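Reading through the structure tokens given below for one structure.
Just so you know, all these numbers are worked out from the coordinates, no wet-lab data involved. Remember, it's a predicted structure, so these values are computed and weren't measured experimentally. Positions of Cβ are backbone-derived with ideal geometry, glycine not excepted, and every protein chain shown enters the neighbour counts.
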Amino acid sequence: MKATAKAHSNIALVKYWGKRNEHLMLPQNSSISMTLDKFYTITTVKFSERLKEDELWLNKKKQEGKELEGIEKPLKKVRELAGIKLKAKVMSENNFPTAAGLASSASGFAAMALAASKAAGLNLDKKELSILSRIGSGSASRSILGGFVEWKKGEKSNGLDSFAVQVADENHWPEFRMITTIVSSKKKKIKSRAGMTQTVKNCPYYRAWLDTIEEDLNAVGRGIKNKKFSLVGRTAELNSLKMHATMMTTTPSIIYWQPLTMKVIHLIQDLRERGIECYFTMDAGPNVKVMTLKNNEKKVLKELNKIKGIKTVSCKAGPAAKIINKHLF
Ligand code: PMV
């Protein structure tokens, strides 16, 4: 009863920020993301009679406390669906820094949902896998699919209509680039989960965030389908700034930006003024992601790499989560 899965992380173009149900991880708003080809998690899950408790190993270190608690909900769901009581050993490895705003929880929980369900003998479809991943971490619902993906927020209180669907596959827009800049790979102080709760509760502008979401979803969805780069980039950049505005204006205030974050933002604005089209987006962390097209990729990378202290990785749209044969243990 062992299986291994590989899932890629994703970066949202229209962000998910705020839950309507914290237990089931139901979002206040729908979101759209791009799955990244270069960043992924590999996870092996084994159910065994020999285990007395569930075990979690992350990047070769045994985890306790909150990290371990985090996998309990999806594991419980898998056991329920498969009708088993066995405990599980979960081993997971990321090929990139954990918890630095590069969506390690997205790829992590998607890989775990796929590996655990397979190890338990289940054959879940994409919708069921997306729901199972969502219970672990909201953004993970999107990492089950490749290319460009929309997580529909759903209306039902049981969450059965809150899952991700593909907008376009990974071959649809081969020119699109998402350049991740790592300005810091330190673990962030406030995780997105706590940040969201604090924002929904205390930000006076949270309603305004929700009021413009539909417009952003339509623009980005249409832009992806018709490959309208300016529309996608412009809308995604503003959407991310609106999300950060709600974080900054909640109590206590959450500011993820660091000096290097500002340097990158200003560089992107300068490049645009010089006719090199690129846009930025940021998640719950200091790292900036830069959207551009293939014809400008080299120029943008050259300028970004002139900033001391940052690392860049240029990504294309990546594939869906899949089962692989090479186990981690
Ligand atoms: O599901 P989480 O806890 O990884 O939250 C993700 C939140 C953002 O990255 C800020 C936005 C998003 O849609 O990915």
> In region 197-269, which helices (runs of 4 or more DSSP H) lie fully inside it and hold 2 or more residues that are acidic (D, E)?
Replying inline: 213-225
> Applying the selection to region 281-329, what residues are under 28 Å from K242 (Cα atoms), surrounded by fewer than 22 Cβ atoms within 10 Å (Cβ to Cβ) and of a type outside the set (D, E, K, R)?
Replying inline: L293, N296, L301, N305, I307, G309, I310, T312, V313, S314, C315
> Quick check: is even one residue across region 255-269 closer than 24 Å to K201 by Cα, in contact (Cβ under 8 Å) with a residue 24 or more places away in the chain and within 16 Å of the ligand (Cβ to nearest atom)?
Replying inline: yes
>> If I filter region 17-29 for residues that are outside any strand (DSSP E or B), within 30 Å of C203 (Cβ to Cβ) and away from the ligand (no atom under 12 Å from the Cβ), do I get at least one hit?
In response: yes
> Tell me, which residue of region 41-89 that is in contact with a helix residue (DSSP H, G or I) (Cβ under 7 Å, 6 or more places away or on another chain) and of a type in the set (S, T, Y) is farthest from A113 (Cα to Cα)?
Replying inline: T41
> For M34, are the conditions met, namely being within 16 Å of I135 (Cα to Cα) and in contact (Cβ under 8 Å) with a residue 12 or more places away in the chain?
Replying inline: no
>> I'd like to verify a number: residues in region 1-16 that are polar (S, T, N, Q) and either near the ligand (Cβ under 10 Å from one of its atoms) or under 14 Å from the mean Cα position of the chain (by Cα) (or both), how many?
In response: 2
> Could you list, in sequence order, the residues of region 184-218 that are of a type in the set (A, V, I, L, M, F, W, C) and within 16 Å of the ligand (Cβ to nearest atom)?
Replying inline: I190, A194, M196, V200, C203, W209, L210, I213, L217
>> Looking only at region 122-164, filter to residues that are away from the ligand (no atom under 16 Å from the Cβ) and among the basic types (K, R); which one of those is nearest to S30 (Cα to Cα)?
In response: K156
>> Just the residues that are within 23 Å of G147 (Cβ to Cβ) and acidic (D, E), please, taken from region 1-45.
In response: D37
> Take the residues of region 169-183 that are in a strand (DSSP E or B) and away from the ligand (no atom under 16 Å from the Cβ): which is surrounded by the fewest Cβ atoms within 10 Å (Cβ to Cβ)?
Replying inline: I179
